[in-house]
Amino acid sequence: MTLQSFRLREKITAMKTLKYPIRFLFILLGLFSLFSFCKMKSEEFKKNKPYRVIKTWELPDELDEISGISWLGANQVAAIEDENGLIFIYDLKQSEVVSTLEFADDGDYEGVAVVENTAYVMRSDGLLFEITNYTSDNPEVKTYQTPLDDDNNVESLTYDGAHKRLLFMAKDEGKDSETEKEIYAFDVVAKKLLPFSKLKLDMEDKALKDFEKKKEKRTFRPSDIAVNPKTGAIYILEGADPKLLIMDKSGAVKTVFELDKDDFPQPEGITFTPEGRLFISNEGHGEPATIVEVALKNSF
């Protein structure tokens, strides 16, 4: 081997050796840029949240799996959790559970709505419980099987006072469509399912484009539902990837936005007062479960 060939080989080896640190440096710079961008977006989101947290209540361990809430009045909410057939009465002023009422055996209970002296509870398999005189020593319990079942996974329930009906919908797949989740209505006077509520959430709605998932049914997975008594707008909550979607009374989506996980680690329940105050409950995730009073910056 000539001296010239040896020096050429040394030069090539040196260049190859140098190439790896440079490549590593570019990777580090790329990761740093991505981290900086994500941090900037996160700070921008936190600064420009479309809502304001008014107050947060930390809940006792017995409500760690809180799955639904319903406003009662007199600073009290009814709450359920997804393991036991119990209704908890939580007093916001006293910051404690003041009463616990049993209505059924253990089960996956996900939604609650109270109408005067009757409480309604939704089980995840679509079985609706009606508990008349729910605060008495001898409540009367009836059940109604809705069109939904385990495959649909029902986590929502609310009372629409203007129409005297309960509203609920599937969390996972819709009953008759892979892309649409219908909002069902149950008449609390006639005690029967209404034939067609005309309300549905389309996973292909343009408002959900930024949240689109490969499996369309996972684009938005409702964890609870509530009706704003002041406007009639329907608020639909998602707990898995915390979001709030608002549609008008005709079913047109007006807005959908993410909820900060620092405020809402897993939002599972939502309710309004008659005056329009908004409350959202969160399951506990290594931290206490909470109820949060929220004010939106824009009204719907």
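Just a few scattered comments:
Yes or no, residue by residue, for (1) assigned by TED's automatic domain parsing to the domain that holds residue 239; (2) surrounded by 17 or more Cβ atoms within 10 Å (Cβ to Cβ); (3) at pLDDT 95 or above:
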position	(1), (2), (3)
143	yes, no, yes
163	yes, no, yes
167	yes, yes, yes
182	yes, yes, yes
188	yes, yes, yes
196	yes, no, no
203	yes, yes, yes
216	yes, yes, no
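- Members of segment 240-250 found to be outside any strand (DSSP E or B) and in contact with an Asp or Glu (Cβ under 9 Å, 6 or more places away or on another chain), listed by number: 241, 242
- In the condition set (1) within 11 Å of residue 126 (Cβ to Cβ); (2) in contact (Cβ under 8 Å) with a residue 40 or more places away in the chain; (3) touching a Ser or Thr at 6+ places or on another chain (Cβ under 6 Å), residue 153 is compliant with all but (2).
- Residues located in segment 100-139, provided they are under 21 Å from residue 270 (Cβ atoms) and β-branched (Val, Ile, Thr): 112, 114, 115, 118, 121, 131
- The set of residues in segment 205-214 being surrounded by 10 or more Cβ atoms within 10 Å (Cβ to Cβ) and assigned to a loop (DSSP other than H, G, I, E, B) consists of 205, 212, 213.
- Scanning segment 259-282 for residues that are in a loop (DSSP other than H, G, I, E, B) and at pLDDT below 95 turns up nothing.
- Among strands (runs of 3 or more DSSP E) entirely within segment 85-147, having at least 2 residues that are touching a Gly at 6+ places or on another chain (Cβ under 7 Å) singles out 109-115, 118-123.
- Of all residues in segment 101-143, those satisfying the criterion of being of a type in the set (Ser, Thr, Tyr) and either under 21 Å from the mean Cα position of the chain (by Cα) or closer than 18 Å to residue 225 by Cβ (or both) are 109, 120, 124.
- Of residues in segment 238-269 being among the β-branched types (Val, Ile, Thr) and touching a helix residue (DSSP H, G or I) at 6+ places or on another chain (Cβ under 8 Å), the one surrounded by the fewest Cβ atoms within 10 Å (Cβ to Cβ): 255
- Residues in segment 204-237 that are in contact with a helix residue (DSSP H, G or I) (Cβ under 8 Å, 6 or more places away or on another chain) and touching a residue at least 24 places away in the same chain (Cβ under 8 Å): 204, 220.
- Cross-chain or 6+ apart pairs with Cβ under 6 Å, segment 34-63 first and of a type in the set (S, T, N, Q), then at pLDDT 95 or above: 56/290; 56/292
- Of all residues in segment 91-103, those that are loosely packed, with under 11 Cβ neighbours inside 10 Å have Cβ atoms under 9 Å from Cβ atoms of residues that are among the aliphatic types (A, V, I, L, M) and not in a strand (DSSP E or B), 6 or more apart or on another chain, in 93/74.
- Within segment 215-239, the set of residues being part of a loop (DSSP other than H, G, I, E, B) and more than 17 Å from residue 175 (Cα to Cα) comprises 228, 229, 230, 231, 232, 233, 239.
The values are calculated or read from the model by the stated rules, or taken from the named source; none is laboratory data. Please read all numbers here as calculations on a predicted model, not as lab measurements. Please note: Cβ atoms are built from the backbone with ideal geometry, for glycine as well, and neighbour counts cover all protein chains shown.
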